[in-house]
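Beneath this line is the structure, given in structure tokens, with notes to follow.
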Amino acid sequence: PEEIGVRTLSALQAAVHCSCAALLVDGPRGLTLLASRDLEQPELLDSPSYDPAKDKRFTRRLPLEDEDGPIGLLLIGPRSDMNRYNAAQVDGLQDLAEPLAETLRAALKRAQHAETIHVTLGSVEERLARLEQGGAKLSPT
């Protein structure tokens, strides 16, 4: 998911020339920072008290939502040349929201599944190590 976020923000900057951008996803304690680009103090976005509506660094706030519901928020700063975003750019950003939400949802689900498998394997390896070090002996019968 992080790589998708970084690549998305990079492509976004190249396409619409935003001065900064951030991608937040829903986490267990609210929105959490997935990726940011050209942003001073990005750690503020990860604070539980962070309110995107009050952050003056961003002129556009696009909710990321797919058929399964909301998954996050794309924050976009003003253009680097201080011009306004034109209608085609705004439409393009709107068109980006749903496919990005679907992609992030799938990537987050895969990452969570991989983490679960990793934890399970770690637990199995730990149990095997204890048995090999003289843990409970199995009888042949």
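The values are calculated or read from the model by the stated rules, or taken from the named source; none is laboratory data. Remember, predicted model here, so these are calculated numbers, not experimental data. Heads up, the Cβs are rebuilt from the backbone with ideal geometry, glycines too, and the neighbour counts pull from every protein chain shown. All accessible areas refer to the heavy atoms of the entire protein, side chains included, with ligands and DNA or RNA removed. Shrake-Rupley method; radii C 1.70, N 1.55, O 1.52, S 1.80 Å.
Quick notes on this one:
- The residues in the range 49-91 that are within 18 Å of the chain's Cα centre (by Cα), part of a loop (DSSP other than H, G, I, E, B) and surrounded by 15 or more Cβ atoms within 10 Å (Cβ to Cβ) can be counted, and the count is 3.
- Within the range 1-17, being touching a helix residue (DSSP H, G or I) at 6+ places or on another chain (Cβ under 6 Å) and under 19 Å from D81 (Cα atoms) holds for one residue alone: V16.
- Inter-residue pairs, beta-carbon under 6 Å, first within 22 Å of Q112 (Cβ to Cβ) and assigned to a helix (DSSP H, G or I) and in the range 1-19, second modelled with pLDDT under 95 and open to solvent by 30 Å² or more (accessible area, probe 1.4 Å), 6+ apart: none
- Pick from the range 18-48, criterion at pLDDT 95 or above and among the hydroxyl-bearing types (S, T, Y), ranking: surrounded by the fewest Cβ atoms within 10 Å (Cβ to Cβ): S19
- One residue stands out in the range 97-122 among those that are under 15 Å from G72 (Cβ atoms), without any contact (Cβ under 8 Å) to a residue 60 or more places away in the chain and aliphatic (A, V, I, L, M): the one that is surrounded by the most Cβ atoms within 10 Å (Cβ to Cβ), namely A101.
- Residue within the range 46-65 that is of a type in the set (S, T, Y) and touching a helix residue (DSSP H, G or I) at 6+ places or on another chain (Cβ under 8 Å) present: yes
- Qualifying positions in the range 101-122 - within 10 Å of I71 (Cα to Cα) and touching a helix residue (DSSP H, G or I) at 6+ places or on another chain (Cβ under 9 Å): L104
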